[in-house]
Structures are given as C-alpha cells and as structure tokens.
Amino acid sequence: MKKENLLFTAWAASFIATLGSLYFSEVMKYEPCELCWYQRIFMYPLVLILGLAYVKKDWKAAKYSLVLSAVGVSISIYHYGIQKISFLQDTAPACGRVPCTGMYINYFNFITIPFLALTAFIVIFAASLAILKRKEEQN
C-alpha cells in the first residue's frame, strides 16, 4: 500500500473513532468513564495531526501518530481487560462517577466501546509503522 493511502487510512480510523465517541456521549448520552477520557485524549489530536499530514504529505507525522496510538492501545487493552477478565474486574480501581468496568454496549458479547477504540488505535499504529518502514526503505 502506498504511503499516501496508509496515511489516509490512519486519519480515517481516527476520524471515525472520534465521531463514534462523540455519538456515544452526545447523542446516546453515555457518560464516559475516566479511562474513556484518557483514550479520547490520545485519539482526538490524531484527527488533526493525521489530517494535516495527509494534506501536506508529511510522512514524519507517522512518528507522532505511532507514539500516541501505542499509548492509546495500552490504555484500551487495560480498559477492555477490566471489562472482560473477571480477576481484573475484582481489582479494578474506582474510576469516578461512571465505573470503568461498565459496558454501555456489548455486541456479540465482545464488542465494547474500549474494544472499538482499541481497533482504531491498532489500525493507526499499523499504518504509522508501515509508513515509517517505507520511509526507511527509500533512504
């Protein structure tokens, strides 16, 4: 896949994830838990960073998106784990007004909001990594 397509794919994933999180909180009125807010902190800037990078064809932005998405993957894995793994649920810290172990959605018994965020972060991470590898091959 060309670097331009990879950059667009990463941007599209961040854009869709951002729209999805806003849909859940603003339309469906699901109050985000603390871990959801942390995931948003790492997702929302990616829309701007990757969007500008795509317009300017700035492949160096992949370094930033790689780091932000790696942190986002880590938070999402932990959040999904405390939702789905019983021994983690028992030791999960209290996380504000909304429990982080709560599941507003649970499609097919495995698709939750943190799972959706994790999927987007993985797509962004993989696309960013592929861009950086292609950049190295050209040098």
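Just a few scattered comments:
- Under 5 Å, built H, 5+ apart or other chain: amide partners of Cys95: Cys100
- Full-extension gain in nm, Ile105 to Asp90, via 0.36 nm per residue minus C-alpha separation: 3.4 nm
- Here's the picture: a label point sits 7 Å out from the Cα of Ser74 along the beta-carbon direction, and within segment 5-35 the residues with their amide nitrogen under 17 Å of it are 35.
- From phi via Karplus (6.51, -1.76, 1.60), per-residue ³J(HN,Hα) for segment 41-48 in Hz, x at Gly/Pro: 4, 8, 8, 4, x, 5, 4, 6
- Multiplying the residue separation of Leu48 and Met1 by 0.36 nm and removing their Cα-Cα distance gives an extension gain of 14.7 nm.
- Candidate aspartates and glutamates for bridging to Lys60, where Cα separation is under 15 Å - those fewer than 8 sequence places away on the same chain excluded: Glu4, Glu136, Glu137
- ³J(HN,Hα) computed for each position of segment 106-113 - Karplus, 6.51 cos²θ - 1.76 cosθ + 1.60, integer Hz, glycine/proline x: 7, 5, 6, 6, 8, 8, 10, 4
- Only Lys, Arg, Asp and Glu carry charge here, each on its Cβ (+1 for the first two, -1 for the last two); on that basis the chain has a dipole of about 480 debye about its Cα centre.
- Residue-wise HN-Hα couplings along segment 85-95, as the Karplus relation 6.51 cos²θ - 1.76 cosθ + 1.60 with θ = phi - 60° gives them from phi, are 9, 4, 5, 6, 4, 5, 9, 5, x, 5, 10 Hz; Gly and Pro carry x.
- Using alpha-carbon coordinates, inclination of helix 3-22 to the longest axis of the chain, degrees: 20 degrees
- Estimated distance in nm for a label pair at Val98 and Phe15, the labels positioned 7 Å out from Cα along Cα-to-Cβ: 2.5 nm
- Protection proxy ranking, peptides 67-79, 93-105, average beta carbon neighbours within 10 Å, highest first: 67-79, 93-105
- Positive-pole candidate from Ile105, Leu7, Gln83, dipole of the chain, charges at beta carbon: Leu7
- Per-residue Cβ neighbour rank within 10 angstrom, fewest leading, Trp37, Trp59: Trp37, Trp59
- Highest GNM mean-square fluctuation among Phe121, Phe42, Phe24, for the chain modelled with Cα contacts below 10 Å: Phe24.
- Principal-axis analysis of the Cα atoms of the chain puts helix 61-84 at an angle of about 20° to the longest axis.
Throughout, read-outs are computed from the coordinates displayed, never taken from laboratory work. Bear in mind that the values here come from a model prediction, so they are computed numbers and not experimental data. A quick note on method: Cβ atoms are made from the backbone with ideal geometry, for glycine too, and the neighbour counts reach across all protein chains shown.
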